[in-house]
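Here the structure is laid out as structure tokens; the discussion comes afterwards.
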Amino acid sequence: MDLYFSPLACSLATRITLYEAGAQAGFIQVDTKQKKLRDGSDFYPVNALGQVPVLRTDEGWLLTENTAILPYVADQFPAAQLAPLPGTPQRAQLQQWLGFISTELHKGIFVPLLDPAAPHDYARRKVTRRLDYLQTHLSANEYLVERFTVADAYLTTVLNWAKYCDVDLAQWPAIDTYYHRIVQRPHVARALAEEMALYREEQALQ
């Protein structure tokens with residue numbers, strides 16, 4: 001498998017998942033502003049939307065969207081137990097959380113707050129209710145489902161953006177504790193450190 005990624009973007013969730021699964025994978029860096037790969041080639045033939053992540057499977061087909069990629073990777077490595085079995089209530093809960101992270105947090109809050117051209121007031125009005133909802137769940141649960149899953153990889157990736165858009169997670173103690181606990185997992189820490197180094201390198205070239 002090959003992962004098309006951009007440093008610290010939502011594709012980080014798939015890198016974390018691949019590391020947690022012990023998967024062998026290639027990583028292809030994408031400049032999502034220029035829509036170019038590091039060799040200068042055009043990224044649009046890979047994804048017509050110009051967005052990451054994109055996973056090229058071992059069969060050679062391309063898969064996009066975290067809500068599809070993350071469960072797919074988990075299912076390729078069942079021994080890692082990164083997703084509950086298909087058809088179970090726990091799997092439905094996993095899909096529910098992936099949808100919440102993708103729509104309510106990723107696209108609903110953080111993308112607008114990270115975009116200087118977006119209406120920040122609209123996004124900020126959504127922050128409290130959505131993080132209060134997450135706070136309630138994490139106050140009573142160690143993980144989003146029953147153990148660490150791909151949903152936790154995605155949530156940690158999104159929560160990592162909070163410091164870049166003036167959202168203080170300390171206002172939600174259970175979320176803050178959860179985030180700092182998850183980033184100490186060896187595979188999560190490795191993925192974050194690698195992508196932070198690549199991000200700084202990318203910024204220095206701009």
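The values are calculated or read from the model by the stated rules, or taken from the named source; none is laboratory data. Predicted, not measured: the structure shown is a model, and the values here were computed from it. In this analysis, Cβ positions are derived from the backbone assuming ideal geometry, glycine residues included, and neighbour counts consider all displayed protein chains.
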Original post:
List the pairs whose first member sits in region 144-158 and is assigned to a helix (DSSP H, G or I), whose second member is of a type in the set (Ser, Thr, Tyr), and whose Cβ atoms are under 7 Å apart, counting only residues at least 6 apart or on separate chains?
Top reply: VAL150/THR17; ASP152/TYR143; ALA153/THR17; THR156/TYR179
**OP:** Could you please give the count of residues in region 99-146 that are out of contact with any Lys or Arg (no Cβ under 6 Å at 6 or more places or on another chain), β-branched (Val, Ile, Thr) and within 16 Å of TYR164 (Cα to Cα)?
**Re:** 2
Original post:
Just a yes or no: is a residue in region 112-128 modelled with pLDDT of 95 or more, outside the structural domain of ASP75 (by TED's automatic domain parsing) and of a type in the set (D, E, K, R)?
Top reply: no
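Can you confirm whether region 143-160 contains a residue that is among the hydroxyl-bearing types (Ser, Thr, Tyr), farther than 27 Å from GLY22 by Cβ and over 15 Å from the mean Cα position of the chain (by Cα)?
Within region 143-160, not a single residue is among the hydroxyl-bearing types (Ser, Thr, Tyr), farther than 27 Å from GLY22 by Cβ and over 15 Å from the mean Cα position of the chain (by Cα).
A quick yes/no check of all residues on (1) surrounded by fewer than 16 Cβ atoms within 10 Å (Cβ to Cβ); (2) under 14 Å from ALA151 (Cβ atoms); (3) in contact with a helix residue (DSSP H, G or I) (Cβ under 8 Å, 6 or more places away or on another chain):
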| site | (1), (2), (3) |
| --- | --- |
| ARG15 | no, no, yes |
| ALA23 | yes, no, yes |
| THR32 | no, no, no |
| SER41 | yes, no, no |
| ALA48 | yes, no, no |
| PRO86 | yes, no, yes |
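Just to confirm my filter: which helices (runs of 4 or more DSSP H) fall fully inside region 3-111 and include at least 3 residues that are of a type in the set (Val, Ile, Thr)?
Values: elements: 12-21, 66-76, 89-99.
By residue number, 12-21, 66-76.
One line per residue, one yes/no per condition, for (1) modelled with pLDDT under 95; (2) surrounded by 14 or more Cβ atoms within 10 Å (Cβ to Cβ); (3) more than 22 Å from GLU195 (Cβ to Cβ):
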residue: LEU70; (1), (2), (3): no, yes, no
residue: PRO78; (1), (2), (3): no, no, yes
residue: GLN93; (1), (2), (3): no, yes, yes
residue: TRP97; (1), (2), (3): no, yes, yes
residue: LEU134; (1), (2), (3): no, yes, yes
residue: VAL150; (1), (2), (3): no, yes, no
residue: VAL158; (1), (2), (3): no, yes, no
residue: LEU169; (1), (2), (3): no, yes, no
residue: ILE175; (1), (2), (3): no, yes, no
**OP:** Find the residue count for region 121-132, including only residues that are surrounded by 15 or more Cβ atoms within 10 Å (Cβ to Cβ), more than 18 Å from TRP97 (Cβ to Cβ) and of a type outside the set (A, V, I, L, M, F, W, C).
**Re:** 1
